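Student: The structure that follows is given in the form of structure tokens.
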There are 2 protein chains.
Amino acid sequence: MEEIEVIEGGITSPKGFKAAGVHSGIKKCKKDLALIYTEKKANAAAVFTTNKVKAAPVLLDMENIRKSEAQAIVVNSGNANACTGEKGYEDALKMAEKTAEMLKIDKNDVLVCSTGVIGVPLPIDFCLKGIESAAESLSEKGGDDAAEAIMTTDTFKKVIAVKFNIDGKTVKMGGMAKGSGMIHPNMATMLSFITTDANISKEALNKALKKSVDVSYNTISVDGDMSTNDTNIILANGMAENKLIEVNSKEFEIFYRAIEYVNKNLAKMIVKDGEGATKFIEVVVINAKTENDARLAAKSIINSNLVKTAIFGEDANWGRIITAAGYSGADFDPQNVSIFIKSSKGEIKVCENGGYVNFDEGLAKEILKEKEINIMIDLKSGEFSSTAWGCDLSYDYVKINGSYRT
Amino acid sequence: MEEIEVIEGGITSPKGFKAAGVHSGIKKCKKDLALIYTEKKANAAAVFTTNKVKAAPVLLDMENIRKSEAQAIVVNSGNANACTGEKGYEDALKMAEKTAEMLKIDKNDVLVCSTGVIGVPLPIDFCLKGIESAAESLSEKGGDDAAEAIMTTDTFKKVIAVKFNIDGKTVKMGGMAKGSGMIHPNMATMLSFITTDANISKEALNKALKKSVDVSYNTISVDGDMSTNDTNIILANGMAENKLIEVNSKEFEIFYRAIEYVNKNLAKMIVKDGEGATKFIEVVVINAKTENDARLAAKSIINSNLVKTAIFGEDANWGRIITAAGYSGADFDPQNVSIFIKSSKGEIKVCENGGYVNFDEGLAKEILKEKEINIMIDLKSGEFSSTAWGCDLSYDYVKINGSYRT
């Protein structure tokens, strides 16, 4: 990773980007409206939830993203504007129009996102007032406020920025995201925004985003539920003035490594901030017959409530791990399976040839006391591997979701 | 249901069946070994877990059930004999052999089941001694002891018996089952045994069992995990001396209604006794485009951790319900969806045309305070419907599974 250097900052680190985060009144007192603006219209790409039930802003964005260009993103938290019918769509449109009016840009160049409670009409007047004040306070230092304004049950801001070189030019990329319940493979109440001053073709931008989402957000799980609002958007305004990055070039590879790095790190932050999470779990499936088998097994293990509660209970219960692989649909011979559990405190083999192996229970306890746990399952059926990230299932998950409307 | 009459009793209610439940030493002090015996060899049918990782007794039974006949079932709890390699298979075989020896029957006529901790060698000596003492205490009154001996984290015995008429002859059917974690559509740590003195062909018996499992055990969910040991066995010894029941006859229909009634009731008991469950949830999807769409949507809703925690929290959060239907893979137009929540306290519509509808929050609270909650989702896309049963997700689920090795 020598070419990709992590720097201070976030979405306003790349040239030409401004942002703001304000309190509009949707939430009682916390910031709830974020605005991202690029002074030069950007190439844009986006990935949305695959849920049949899509929130109004997602439906609007799917229209607006067709031309692969955008100049602003407006986001409210506190209300998802989902299951809100035609009125919801009109409200999303109003948010775009107001943003365009304030920034003197085309309303079709505005992307809209919402996150929060489902099925409650959006308090549009608060939103519109919020857009006014956000537009007025746009600044190159507004990245942090914006990252704060998109939070719902998140307990910390998720921001990152990197720089790298393309043909002697310094290119920057910034990102911010929010979780934190309902997180699941295939994008789930998860908003993520990436900005870059790279000069990159629409095709290359789209390819890089989709590929990186597949190995980052689509591998994570908090509770296996998938939301109506998931959106991942990248804006590339070209102001770094590097030679245009096209697909299948050496430069594309560098750019891809950067976006993969940014998205993987944001995805991990989301998992670490999963509702009620006390531990971060990485599941690595190796030597699967096909890539799909590897992915099925990894996702099944990371999604298993019994694996999640075992890790919460600091219990090396490999039976639940092999069982979850067994019902995943992945093809393998259980008799060949080995399972390893590790953390910074060491590594133990807990299962060999699909069966019991003597291991040091004391060391297992030590290993499982850590906050970051790695589970490796060797299927010995082929050459493919897959990684999935998740968190444990705790009392607090039940508490948060049993008493709080998301 | 006038033809099917519920009677006192369980697996020893039908003619010619004896049972026993004893303490063998696998568990510290509770009963842990059950034996079911029919004096006349019975036609037999079975359904097993579809998990790739199958416990040793399941592998043995899959062999023994091929001839569709059996005379005894031996079951231990406290150890699943799963992920125990060749030794595990040999141990399962030893259990069959010992049972056959004690009962003076063919070892291939013995079916073996285990439930409990995975990946720990079976304490076979305890098992064999337990089989001896169970065989010695076999009795027509032993059904309750057997039902107790198969329990793991179950908090109550699950037994049922019915009688019905076939051609003027009284036929009886008894059943017992155990849950209670890891319960999931497609059979999951769930053992269920049905006995009947019906005279029924092997083909008819097999068909009735499979069909009834599909609409009972395969529709329930506690935590979405699926075990290595699930087994559902029925023995029919013909001692009621009714005219042989063949498929597609009027008599078959009566027999089928009985087995469906028994299996549905046992399945509901399993759900009600789900680990940590405080509420029983019934999800009914109506007017789906296809049967598969109905089933996908129902299962997805009943499996959703967010729906489960909302019900635990007595929150009419229909957004989570429509969202779970949305990611189920079922085909429907979200704009058409209506959702109703009801209990013995009343019924409310909480969603109309995929959106918010004004409802009485006070009444909603009253309805959701009850122990049995019904969620109905009308997809308005066709004529098919499906029902799924599950339970809520509570602090206790996390407690039980975070500190207890199953």
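Student: For chain A, set up a Gaussian network in which alpha carbons nearer than 10 Å are linked by springs, and say which option among A:K28, A:K299, A:K172 fluctuates the most.
Tutor: It is A:K28.
Student: I've got another one for you. Whole-Hz Karplus ³J(HN,Hα) for segment B:189-196, in order, using 6.51 cos²θ - 1.76 cosθ + 1.60 and θ = phi - 60°, x for Gly and Pro?
Tutor: Listing the rounded values in order: 2, 8, 10, 8, 10, 10, 10, 8 Hz.
Student: Normalised by the residues of chain B, what does the relative contact order come to in percent, with Cα pairs under 8 Å and at least six apart? Mind dumping the intermediate values first?
Tutor: On the way: 1116 pairs, mean separation 70.1, N = 406.
Relative contact order here is 17 percent.
Student: With an 8 Å Cα cut-off and a minimum separation of 6 or more residues, compute the relative contact order for segment B:219-361 in percent.
Tutor: Relative contact order here is 17 percent.
Student: Using Cβ contacts closer than 10 Å as the measure, can you line up B:T38, B:T290 from fewest to most?
Tutor: Ascending number of Cβ neighbours within 10 Å: B:T290, B:T38.
Student: Then there's this: Before anything else, pin down the relative contact order of segment B:55-214: Cα pairs under 8 Å, at least 6 apart, normalised by residue count, whole percent.
Tutor: This gives 19 percent for segment B:55-214.
Student: Can I ask one more? Name the residue, out of A:D106, A:D293, A:D167, whose mean-square fluctuation peaks in a Gaussian network model built on chain A with Cα pairs under 10 Å.
Tutor: A:D167
Student: Another question, if that's okay. What is the diffusion coefficient of segment B:61-189 in µm²/s, taking the Kirkwood radius over Cα pairs and the Stokes-Einstein relation at 4 °C with a viscosity of 1.567 mPa s?
Tutor: The Stokes-Einstein estimate is 81 µm²/s.
Student: Related question: In degrees, nearest 10, range 0 to 90: what is the angle between the Cα axis of helix B:250-272 and the longest Cα principal axis of chain B?
Tutor: Helix B:250-272 sits at roughly 70 degrees to that axis.
Student: Along its three principal axes, how long is the protein assembly as shown when you only count alpha carbons? Whole Å, largest extent first please.
Tutor: Taking the Cα atoms of the protein assembly as shown, the three principal extents are 89, 56, 40 Å.
Student: Okay, moving on. Provide A:M176, A:M62 in ascending order of the number of other Cβ atoms located within 10 Å of each residue's Cβ, fewest first.
Tutor: A:M62, A:M176
Student: Ok, one more. Three principal axis extents, largest first, for the C-alpha atoms of segment B:303-367, in Å?
Tutor: Each principal axis gives a Cα extent; for segment B:303-367 these are 32, 24, 17 Å.
Student: If one takes the longest principal axis of the Cα atoms in chain A, at what angle in degrees, from 0 to 90 and to the nearest 10, does the Cα axis of helix A:291-303 lie?
Tutor: Once rounded, the angle reads 90 degrees.
Student: Another question about this same structure. Using amide H atoms built 1.01 Å from N in the peptide plane, name the residues 5+ places from B:C351, or on other chains, whose amide H lies under 5 Å from its own.
Tutor: Answer set, sorted by chain and number: B:I339.
Student: On to the next question. Under a straight-distance cross-link criterion of Cα-Cα below 19 Å, which lysines are reachable from B:K172, leaving out those fewer than 8 residues away in the same chain?
Tutor: Qualifying lysines at Cα under 19 Å: B:K15, B:K18, B:K40, B:K41, B:K141, B:K158, B:K163, B:K202, B:K207, B:K243, B:K250, B:K264.
Student: Between A:I124, A:I259, A:I375, where does the largest GNM mean-square fluctuation fall for chain A, given springs only between Cα atoms within less than 10 Å?
Tutor: A:I124
Student: How are the Cα pair distances of chain A distributed, in percent, across 20 Å bins from 0?
Tutor: 28, 53, 18, 0
Student: Nm distances between the label at A:K104 and the same-position labels in the remaining copies, 7 Å along Cα→Cβ, shortest first?
Tutor: With the label placed 7 Å along Cα→Cβ, A:K104 yields 10.4 nm.
Student: Based on a Kirkwood Rh over C-alpha pairs, give the Stokes-Einstein translational diffusion coefficient of segment B:280-403 at 20 °C and viscosity 1.002 mPa s in µm²/s.
Tutor: Working: Rh = 14.3 Å.
Here the translational diffusion coefficient equals 149 µm²/s.
Student: Can you list the HN-Hα couplings for segment B:369-377, worked out from phi with the Karplus curve (6.51, -1.76, 1.60; θ = phi - 60°), rounded to whole Hz and with x for Gly and Pro?
Tutor: Ordered by residue, 3J(HN,Hα) equals 6, 5, 8, 10, 10, 10, 10, 10, 10 Hz.
Student: Sticking with this one: Sort A:S227, A:S304, B:S386 so the one with the fewest other Cβ atoms within 10 Å of its own Cβ comes first.
Tutor: Result, fewest neighbours first: B:S386, A:S304, A:S227.
Student: Next question, about the same structure. Could you order the peptides B:241-249, A:158-166, A:238-246 from most to least packed, using the average number of other C-beta atoms within 10 Å per residue? Write down the numbers at each step before the final one.
Tutor: Numbers: B:241-249: 14.8, A:158-166: 22.4, A:238-246: 17.8.
Ranked from most to least packed, the peptides come out as A:158-166, A:238-246, B:241-249.
Student: Still on this model: Residues of A:302-312, mean number of Cβ from any other protein chain within 10 Å of their own Cβ, rounded to a whole number?
Tutor: Values: counts 0, 3, 5, 15, 12, 2, 5, 11, 6, 1, 5.
The mean count of partner-chain Cβ atoms within 10 Å per residue comes to 6.
Only the coordinates and a few stated rules stand behind these numbers; no lab work does. Predicted, not measured: the structure shown is a model, and the values here were computed from it. Methodologically, a virtual Cβ is constructed for each residue, glycine included, from the backbone with ideal geometry; neighbour enumeration extends over all protein chains shown.
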